1. For the range 273-311, what are the residues that are touching a Lys or Arg at 6+ places or on another chain (Cβ under 9 Å), over 22 Å from Thr111 (Cα atoms) and touching a residue at least 40 places away in the same chain (Cβ under 8 Å)?
2. Suppose the filter is among the polar types (S, T, N, Q), modelled with pLDDT of 90 or more, surrounded by fewer than 19 Cβ atoms within 10 Å (Cβ to Cβ) and not assigned by TED's automatic domain parsing to the domain that holds Gln152; does Ser247 pass it?
3. For the range 1-22, what are the residues that are in a loop (DSSP other than H, G, I, E, B) and closer than 24 Å to Ser170 by Cα?
4. Quick one: count up the residues across the range 213-264 that are farther than 17 Å from Met292 by Cα and not hydrophobic (A, V, I, L, M, F, W, C).
5. Those residues that are within 20 Å of the chain's Cα centre (by Cα) and hydrophobic (A, V, I, L, M, F, W, C), I need them from the range 228-247; list them, please.
6. So which residues in the range 145-160 are out of contact with any helix residue (DSSP H, G or I) (no Cβ under 6 Å at 6 or more places or on another chain), modelled with pLDDT of 95 or more and β-branched (Val, Ile, Thr), if there are any at all?
7. Output yes when any residue across the range 20-33 is in contact with a Gly (Cβ under 8 Å, 6 or more places away or on another chain), under 27 Å from Glu282 (Cβ atoms) and in contact (Cβ under 8 Å) with a residue 40 or more places away in the chain, and no when none is.
8. Just one of the numbered conditions (1) over 22 Å from Asp113 (Cβ atoms); (2) among the β-branched types (Val, Ile, Thr); (3) in contact with a Cys (Cβ under 7 Å, 6 or more places away or on another chain) is not true of Thr182; which one?
Amino acid sequence: MAKNIKYLVTGTGGVGGSIAGFLALAGKDVTCIARGAHLQAIRERGLRLKSDLKGTRCIRIPAYTSEEFTGQADVIFVCVKGYSLESIAGLIQKASHKDTLIIPVLNVYGTGDRIQMMIDGRRLKPSVNGAIALDGCIYIVSFISAPGEITQMGKIFRLVYGVRKGTLVSPEKMQAIRDDLTESGVKAVISEDINRDTFIKWSYISAMALTGAYFDVPMREIQKAGEEREVFIGLSTESAEIGRKLSIPIPDDLVAYNLRILDNLDPDSTASLQKDIAKGHESEMDDLLFNMIRIGGKTGVKTPVYQKIAEWFYYSNKNTSEGADRFKTFK
């Protein structure tokens, strides 16, 4: 990989905007894909980053729509929501060359496999054969706080990425990316078992986001003893059992691990799922809730706490296609 790595961030929301902002502040070659008023503000005034780690900074970053972008990147960070993954197939097609590494950092388990299927020709033309999808996950509290503005809360910014089973990538390439991220102030970790690590992140983000959305409370209410914390523990317990049934070598203390991460969050923070529901936007319920229930059913794991939240979601949204269609998938 070239010494001066060209980065492309697809989806410049809280996660993507933070990655792009931190890389740009360190002088790295990074370009953003965004849309609408957010894109317009970035173009006119730069990306405004309000960060507990970096302070308030205004950063000039090249920004395009996916249709406008005509370049190619050495590393593509995929930071869109899970339900938008298919929509960026064309962008991945034209932005990749034969040595491109693609790092998804979604709240979805198995994203790297889905992207590799696209690369290998089931969704994309063979011209990008040779590009490799890694897998990854991220621990951060960040969100779009205004058009062109990203707020990053707390002291946690940890990005974990690794090579999927059966895929070969030179250690030098992996290390070069880690060096750039580390120099940018991101705690970057090259995983020895990314399938395990992305499942562990999925377990945590599912429990945290669903608990926050179900009770509609900030993290401080889940960080103290009470019904909210018990629901978080119940969800973590059920997902841990699913991991064991899938033969994933998750730690024996996964529930305690999830609690430690939860308790280090900014008490005023809320999950993006919760924000999306409050605004009436499309949400990641399918990835964080219904998919966990489906896998639980296939592996023989009972999921009463997940079912409880699914029923709440259904009855709260039964007059919408999202509520009705997704509830049918497991009822």
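1. If the condition is that a residue be touching a Lys or Arg at 6+ places or on another chain (Cβ under 9 Å), over 22 Å from Thr111 (Cα atoms) and touching a residue at least 40 places away in the same chain (Cβ under 8 Å), then Gly300, Val301 are the ones that fit.
2. Values: among the polar types (S, T, N, Q): yes; modelled with pLDDT of 90 or more: yes; surrounded by fewer than 19 Cβ atoms within 10 Å (Cβ to Cβ): yes; not assigned by TED's automatic domain parsing to the domain that holds Gln152: yes.
Yes, satisfied.
3. Keep residues of the range 1-22 that are in a loop (DSSP other than H, G, I, E, B), which gives 1-5, 11-13.
Selection gives Met1, Ala2, Lys3, Asn4, Ile5.
4. So in the range 213-264, the residues farther than 17 Å from Met292 by Cα come out as 215-230, 249, 251-253, 256-257, 259-264.
Retained after the next criterion (residues that are not hydrophobic (A, V, I, L, M, F, W, C)): 216, 218, 220-221, 223-224, 226-230, 249, 251-253, 257, 260, 263-264.
Number satisfying all stated conditions: 19.
5. Filtering the range 228-247 down to residues within 20 Å of the chain's Cα centre (by Cα) leaves 232, 235-236, 239-240, 243.
Once the filter is applied, which keeps residues that are within 20 Å of the chain's Cα centre (by Cα) and hydrophobic (A, V, I, L, M, F, W, C), the range 228-247 yields Phe232, Leu235, Ala240.
6. Within the range 145-160, just Thr151 meets the criteria.
7. Step one: of the range 20-33, the residues in contact with a Gly (Cβ under 8 Å, 6 or more places away or on another chain) are 22, 25-26, 31-33.
Narrowing further to those that are under 27 Å from Glu282 (Cβ atoms): 31-33.
Going one step further and asking which of them are in contact (Cβ under 8 Å) with a residue 40 or more places away in the chain, we end up with 31, 33.
Yes.
8. Evaluating Thr182 over (1) over 22 Å from Asp113 (Cβ atoms); (2) among the β-branched types (Val, Ile, Thr); (3) in contact with a Cys (Cβ under 7 Å, 6 or more places away or on another chain) leaves (3) as the failure.
The values are calculated or read from the model by the stated rules, or taken from the named source; none is laboratory data. Everything quoted here is computed from the prediction, not taken from an experiment. For neighbour counting, all protein chains shown are included, and Cβ atoms are generated from backbone atoms with ideal geometry for every residue, glycine included.
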